[in-house]
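Colleague: Mind looking over this structure? Questions follow.
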Amino acid sequence: MKLYCLSGHPTLPCNVLKFKSTTIMLDCGLDTTSVLNFLPLPLVHSPRLSKLPAWNSKDGTVNLEKELKECAGRVFVDSQPEFCLPERELLDLSTIDVILISNYHCMMALPYITEHTGFTGTVYATEPTLQIGRLLMEELVNFMERVPKAQSATCWKNKEIQRILPGPLKDAVDVWMWKRCYSMQEVNSALSKVQLVGYSQKVELFGAVQISPLSSGYSLGSSNWIIQSHHEKVSYVSGSSLLTTHPQPMDQSSLKNSDVLILTGLTQMPTANPDGMLGEFCSNLAMTIRAGGNVLVPCYSSGVIYDLLECLYQFIESANLGTTPFYFISPVANSSLEFSQIFAEWLCHNKQTKVYLPEPPFPHAELIQTNKLKHYPSIHGDFSSEFRQPCVVFTGHPSLRFGDVVHFMELWGKSSLNTIIFTEPDFSYLDALAPYQPLAMKCVYCPIDTRLNFHQVSKLLKDIQPLRVVCPEQYTQPPVSQSHRSDLMLELQPPPMPYRRCSVLTLPFRRRYERVYILPELANSLVPSEVKPGVSVATVSAVLHSKDNKHTLQSVPKPPPVPPSKKRKRVIEEAPVVLAPKPLLSGAVPLEAFLATLQKHGITEVKVEETADGHILHLQAEDTLIQLEEDGTHIVCDNNEPLRTTLRDLVLRFLQKL
């Protein structure tokens with residue numbers, strides 16, 4: 001059993017498991033942190049960005065004025081942003097049989113895998129994961145296609161040039177593997193390969209293994225996966241949460257008795273308490289609005305935004321924000337808000353019961369009805385005529401490199417009355433803000449990450465007790481910035497097996513058993529013999545038939561009778577001759593009784609020597625050795641066949657024939 005690791009990002013995993021002749025990809029996360037090296041794509045022409053000076057090397061030997069621009073001491077690539085893809089050279093991706101998706105954030109690289117590698121398999125995901133994943137991909141494509149860039153920068157990727165660039169461009173890895181965004185056609189083609197599954201539904205793969213998704217408690221439809229054969233069980237835990245938010249709670253008990261547990265997607269903010277962050281988010285928002293400023297919340301169009309809107313719904317009246325407009329701007333804003341209301345069976349019990357009242361499970365439906373929350377596909381059109389300030393705007397992308405958020409950064413960045421509140425943990429907020437410096441607007445960092453922290457995961461692993469744990473190497477040491485915090489890492493016995501991008505792990509358990517079925521008529525012909533109380537054994541002669549990883553014992557076919565004929569015919573292919581099997585022997589030869597028997601037969605000079613496995617009897621007069629061991633008896637006797645036969649018969653007296 002092997003695990004190939006194609007992604008170095010612990011919360012955007014992409015691994016391939018080879019298990020019992022099946023090749024299974026576990027998630028295909030897209031590392032979007034690479035876009036932080038690019039200049040933002042403004043929806044409206046930005047004089048500031050267009051006047052940024054070009055970067056040239058100090059000695060003047062490298063001139064990339066068309067590709068690199070300088071802003072506040074940092075260098076950015078002036079080109080369509082590109083993404084860091086999962087590793088594609090480590091193994092042949094066309095051999096992948098199935099892809100299992102754990103949540104909608106971990107499927108963003110799917111079109112790169114299914115459309116460009118010769119993939120012919122099936123993708124398994126839950127319905128909310130598919131539908132919300134589609135929205136996030138559609139939004140990403142829309143953001144990119146709205147602001148096309150004519151030039152594509154490639155010279156800076158030259159190894160010789162990259163080496164002399166200032167950081168972080170100098171340290172960017174695998175830049176030649178970075179790719180532009182896919183098209184909507186590729187998205188639709190990739191998602192047509194998805195087969196929907198429900199929690200605890202069991203799916204057979206080629207008769208070899210069975211896969212089953214379990215609720216992971218992190219987002220709508222998010223799953224952990226069980227991959228098991230008759231005798232082995234692998235659990236894949238990715239992006240799970242034990243907090244009480246909107247999704248169905250995590251199913252922990254089904255993870256018990258795992259031989260191997262692959263653990264990934266823990267919180268990126270182990271020291272930030274999500275409840276505390278929500279409180280800080282609300283108080284900073286209220287403070288800015290009261291002072292006459294605007295609040296900008298860069299966020300994804302699904303996920304934490306549902307919890308933010310729910311929190312604000314309870315907070316608006318008490319904070320006297322009833323008249324403040326809230327805007328949600330995204331090409332998929334309407335679909336996202338509606339989807340969250342219709343996936344009732346994927347919600348926690350509390351929200352499910354509301355559907356039967358009938359009430360909308362999320363309060364943002366009421367915010368929309370009362371006109372407190374308005375949603376628009378973009379800043380153009382209706383929004384520009386209905387826009388009122390001071391206001392709160394939720395919009396993407398959290399990287400601040402593309403989407404409507406770029407326009408608001410340019411619009412509000414120069415005033416210290418305004419505040420930007422970061423709630424998504426995927427990007428460093430300082431790196432996100434770098435191309436907008438110098439910035440007057442206030443910045444608040446309230447990362448809300450509900451995924452498991454190290455304390456919760458240690459307790460979970462104690463409860464479910466897998467034999468071995470495999471995890472990204474980042475989880476086996478404290479964060480670089482807090483190297484003294486040994487509580488911010490996994491300390492397990494035995495220690496977890498760490499992996500990094502491009503590593504191949506041989507997982508530490510051998511397949512020892514295989515299930516074999518026996519046909520009823522063959523079972524009927526067996527004659528069991530009791531070898532010890534409660535244990536019976538029978539010998540069987542059969543033909544082993546294997547198909548689709550199912551093994552069946554069938555009766556040995558009898559050779560057909562040859563019809564009598566005087567004419568010579570072609571030699572008929574004869575059925576194999578089946579010899580009657582030798583009887584099997586069981587039991588042990590007791591030393592004292594055997595010595596007494598030898599004496600009765602006139603063999604008196606016997607020297608007994610004890611060994612690790614039993615005894616050696618040296619018959620000195622006859623120059624013969626008898627080795628008595630637990631699982632066998634050997635008689636070593638040169639050129640005296642009558643003696644060997646006699647000794648064999650004496651040994652057989654003590655053994656039972658099957």
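The values are calculated or read from the model by the stated rules, or taken from the named source; none is laboratory data. What you are looking at is a predicted structure, and each value in this text was computed from that prediction instead of being measured. So basically every Cβ, Gly included, is an ideal-geometry build from the backbone, and we count neighbours across all protein chains shown. To get the accessible areas, we keep the full protein, side chains included, count just its heavy atoms, and leave off ligands, DNA and RNA. Shrake-Rupley method; radii C 1.70, N 1.55, O 1.52, S 1.80 Å.
Colleague: Quick one: net charge of residue 281's neighbours, Cβ under 11 Å, K/R +1, D/E -1?
Modeller: -3
Colleague: Report the accessible area of residue 537, computed with a 1.4 Å probe over the heavy atoms of all protein chains in place, in Å² rounded to the nearest 10.
Modeller: It works out to around 50 Å².
Colleague: In addition: For the stretch 585-657, just say rounded, prolate or oblate: build the C-alpha gyration tensor, square-root its eigenvalues into a ≥ b ≥ c, call rounded for a/c under 1.5, and beyond that prolate if a/b exceeds b/c, oblate if not. The partial results should precede the final answer.
Modeller: Details: a/c = 1.40, a/b = 1.21, b/c = 1.16.
It comes out rounded by the Cα gyration axes.
Colleague: A follow-up question, please. Just read off the accessible area of residue 595 with the full protein assembly in place, 1.4 Å probe, to the nearest 10 Å².
Modeller: Its heavy atoms expose roughly 40 Å² to the probe.
Colleague: Next question, about the same structure. Work through the residues other than residue 347 whose Cβ is under 14 Å from its Cβ and net out their charges, Lys, Arg +1 and Asp, Glu -1.
Modeller: Working: positive: 351, 354; negative: 127, 307, 310, 345, 359.
Summing Lys/Arg as +1 and Asp/Glu as -1 gives -3.
Colleague: At a Förster distance of 60 Å, what's the computed FRET efficiency of residue 588 paired with residue 473, Cβ-Cβ distance as r, to 0.05? All intermediate terms of the calculation are to be shown ahead of the outcome.
Modeller: Values: r = 51 Å, r/R0 = 0.85.
According to the calculation, E is roughly 0.70.
Colleague: May I pose another question? Count the DSSP beta bridges whose two residues both fall in the chain, then state the antiparallel fraction as a percent rounded to the nearest 5.
Modeller: Details: 60 of 102 bridges.
That works out to approximately 60 percent antiparallel.
Colleague: Using only the Cα atoms of the stretch 326-469, what semi-axes does the equivalent ellipsoid have when each is the square root of 5 times a gyration tensor eigenvalue? Give whole Å, largest first. All intermediate terms of the calculation are to be shown ahead of the outcome.
Modeller: On the way: eigenvalues 212, 136, 29 Å².
Value: 33, 26, 12 Å, ordered largest first.
Colleague: Also, quick follow-up: If I compute solvent accessible area with a 1.4 Å probe over the protein chains, what percent of it on the chain is carbon and sulfur? Let's see the in-between values first.
Modeller: Details: 16500 of 31990 Å².
Accessible surface attributable to carbon and sulfur in the chain totals 52 percent.
Colleague: At 0.36 nm per residue, and after removing the present C-alpha to C-alpha distance, how many nm does the segment from residue 545 to residue 384 gain when stretched out fully?
Modeller: Extra length from residue 545 to residue 384 when fully extended: 50.8 nm.
Colleague: Give me the extension gain from residue 631 to residue 203: residue separation times 0.36 nm, minus the current Cα-Cα distance, reported in nm with one decimal. Working shown, then result.
Modeller: Values: separation 428, 0.36 × 428 = 154.08 nm, distance 4.24 nm.
Answer, rounded to one decimal: 149.8 nm.
Colleague: Where the Cα atoms of the stretch 129-208 are projected onto their three principal axes, how long is each span, largest first, in whole Å?
Modeller: Sorted largest first, the three principal extents are 54, 36, 19 Å.
Colleague: Residue 283 versus residue 506, label points 7 Å from Cα toward the beta carbon: distance in nm?
Modeller: That separation, rounded to one decimal, is 5.6 nm.
Colleague: Follow-up question, since we're still on this one. Based on the Cβ-Cβ distance of residue 527 and residue 189, what FRET efficiency does E = 1/(1 + (r/R0)^6) give at R0 = 56 Å, to the nearest 0.05? Mind showing how you got there, number by number?
Modeller: On the way: r = 60 Å, r/R0 = 1.07.
Step by step, r from the Cβ atoms, then E = 0.40.
Colleague: Working with all protein chains in place, sort 287, 497 by solvent-accessible area computed with a 1.4 Å probe, largest first. Before the final figure, lay out the partial values.
Modeller: Working: 287 120, 497 35 Å².
Descending order: 287, 497.
Colleague: Then there is this: Determine the per residue accessible area of the chain with all protein chains present and a 1.4 angstrom probe, expressed in square angstrom.
Modeller: Details: 31990 Å² over 658 residues.
Counting only protein heavy atoms, the per-residue value for the chain is 49 Å².
Colleague: Also, quick follow-up: Pop a pseudo-label 7 angstrom from the Cα along the beta-carbon direction at both residue 48 and residue 159 and give the gap in nm to one decimal.
Modeller: 3.9 nm
Colleague: In nm, to one decimal, how far is the residue 57 label point from the residue 317 one, both placed 7 Å along Cα→Cβ?
Modeller: Output for this residue pair reads 6.6 nm.
Colleague: With charges only on Cβ, +1 for K and R and -1 for D and E, what is the dipole size of the chain about its Cα centre, in debye, rounded to 20? Could the numbers behind the result be given before it?
Modeller: Details: 59 positive and 65 negative charges, 244 e Å.
My answer is approximately 1180 debye.
Colleague: Here is a further query. Work out, step by step, the length gained on full extension between residue 484 and residue 518: first 0.36 nm times the residue separation, then minus their alpha carbon distance; give nm to one decimal. Working shown, then result.
Modeller: On the way: separation 34, 0.36 × 34 = 12.24 nm, distance 5.94 nm.
Stretched out fully, the residue 484 to residue 518 stretch lengthens by 6.3 nm.
Colleague: How big is the shadow of the Cα convex hull of the stretch 388-509, averaged over all directions, in nm²? Working shown, then result.
Modeller: Numbers: hull surface 44.2 nm².
Over every viewing direction, the Cα hull of the stretch 388-509 projects on average to 11.1 nm².
Colleague: Would you calculate a helix-derived [θ] at 222 nm for the chain, using -39,500 (n - 2.57) for each DSSP H run of n ≥ 4 and dividing by the full residue count, to the nearest 500? Don't skip to the answer; put the middle values down first.
Modeller: Working: 17 runs with 157 residues, N = 658.
Calculated from helices alone, the mean residue ellipticity at 222 nm is -7000 deg cm²/dmol.
Colleague: Which whole-Hz couplings ³J(HN,Hα) result when phi for each residue of the stretch 150-159 is put into the Karplus expression 6.51 cos²θ - 1.76 cosθ + 1.60, θ = phi - 60°, listed in order with x for Gly and Pro?
Modeller: Here the 3J(HN,Hα) series is 5, 8, 10, 7, 10, 4, 5, 7, 4, 3 Hz.
Colleague: State which entries of 233/256; 532/600; 157/179; 2/256 exceed 18 angstrom in Cα-Cα distance in the structure shown. Don't skip to the end; give the middle numbers.
Modeller: Details: 233/256 9 Å; 532/600 29 Å; 157/179 12 Å; 2/256 21 Å.
Distance filter (> 18 Å) returns 532/600; 2/256.
Colleague: Which aspartates and glutamates, if any, have their Cα less than 18 Å from the Cα of residue 58, not counting same-chain residues under 8 positions apart?
Modeller: Result set, ordered by chain and number: 67, 70, 160.
Colleague: Kindly report, to the nearest 10 Å², the accessible surface of residue 445 as traced by a 1.4 Å probe over protein heavy atoms only.
Modeller: Spelled out: residue 445, probe radius 1.4 Å, area about 60 Å².
Colleague: May I ask you to derive the FRET efficiency for residue 609 and residue 536 from their Cβ-Cβ distance with R0 = 51 Å, giving the value to the nearest 0.05?
Modeller: Working: r = 36 Å, r/R0 = 0.70.
The value I calculate is 0.90.
Colleague: Let me ask something else about it. Could you work out the per residue convex hull volume over the alpha carbons of the stretch 472-555, in cubic angstrom? Each step should come with its number before you reach the end.
Modeller: On the way: hull volume 16.2 nm³, N = 84.
Convex hull volume per residue, Cα atoms: 193 Å³.
Colleague: Would you please state which residues of the stretch 368-404 a label at residue 146 would reach in this model, taking the label point 7 Å out along Cα→Cβ and a backbone N cut-off of under 16 Å?
Modeller: 375-387, 393-404
Colleague: Say the cut-off is 28 Å between C-alpha atoms; which of 69/374; 202/547; 193/547; 374/442 go over it?
Modeller: Working: 69/374 37 Å; 202/547 21 Å; 193/547 26 Å; 374/442 24 Å.
Over 28 Å apart, Cα to Cα: 69/374.
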